[in-house]
1. Quick one: is Trp121 of a type in the set (Phe, Trp, Tyr), surrounded by fewer than 15 Cβ atoms within 10 Å (Cβ to Cβ) and not in a strand (DSSP E or B)?
2. Looking at the structure I just gave you, is Val195 under 15 Å from the mean Cα position of the chain (by Cα), aliphatic (A, V, I, L, M), at pLDDT 95 or above and not in a strand (DSSP E or B)?
3. Do you know which residues across region 137-174 are outside any strand (DSSP E or B) and in contact (Cβ under 8 Å) with a residue 12 or more places away in the chain?
4. Restricting the first residue to region 92-121 and requiring it to be more than 17 Å from Lys179 (Cβ to Cβ), which pairs with a second residue that is basic (Lys, Arg) meet a Cβ separation below 7 Å and a spacing of at least six or different chains?
5. Give the residue that is nearest to Ala102 (Cα to Cα), with candidates limited to residues of region 161-198 that are surrounded by 10 or more Cβ atoms within 10 Å (Cβ to Cβ) and among the acidic types (Asp, Glu).
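The values are calculated or read from the model by the stated rules, or taken from the named source; none is laboratory data. Remember, predicted model here, so these are calculated numbers, not experimental data. Note that we place each Cβ from the backbone using ideal geometry, even for glycine, and neighbour counts take in every protein chain shown.
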Amino acid sequence: MNETTPPAILPSCLSPGDAPAPSAAPAASGCLTPIDREGLLKLIESGKANPKAIKTLKCRTVAEGKFRHANYIRSLPPYIVDEPPQLLGDDTAPNPSEATLAALGSCLAVGLHANAVHKGWTVRKLELELEGDLNITAVWGTGDTSDKPVGFTDVRVKVDMECDAPPEEVAALIAHVTKWSPVANTFLRPVNLTVAPK
């Protein structure tokens with residue numbers, strides 16, 4: 001490095017209280033850019049002020065042909081879901097069950113990151129590996145419809161989290177986050193589901 005060149009500042013390795021501006025350059029290391037701690041504290045206070053508040057989320061799913069579907073959420077570009085060739089799809093995107101695993105992994109990761117920032121931990125790495133078991137022989141109701149569980153029966157998540165906290169505290173955090181994850185709770189408890197003609 002040229003002696004006159006100042007050392008690179010890695011925004012991803014700053015402490016949670018020093019989160020960079022949204023326009024900051026991408027991190028040049030494996031550390032995570034922390035979320036805005038002040039914004040998190042405001043969300044916490046808002047939740048405590050109205051603990052019974054319910055937010056309704058919406059998605060519009062549009063079939064594009066074969067098993068490819070575009071899902072429209074807020075004003076974002078469409079989120080595509082497809083099926084792999086062995087399930088008669090074109091393999092252009094995750095299938096619905098894989099997308100469900102992705103939602104679970106992302107929700108847990110959000111909770112881990114938020115709680116780490118709340119505790120003042122600096123997270124250097126956060127990766128989750130998920131796998132789930134399901135029986136698909138019913139072929140969406142067109143195949144074998146004998147009595148059996150439909151959907152995931154077992155889901156396993158492995159969390160690889162590197163931060164400035166001892167392993168026992170990280171393990172306790174993982175358990176805490178799982179308890180309060182909205183998507184994990186969707187897996188763990190019955191949900192009122194209504195599917196009807198429009």
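1. Values: of a type in the set (Phe, Trp, Tyr): yes; surrounded by fewer than 15 Cβ atoms within 10 Å (Cβ to Cβ): no; not in a strand (DSSP E or B): yes.
Answer is no for this residue.
2. no
3. Residues satisfying the conditions are Ala138, Lys148, Pro149, Val150, Asp164, Ala165, Leu173, Ile174.
4. From region 92-121, the pairs are Thr92/Arg68; Val117/Arg37.
5. Glu162
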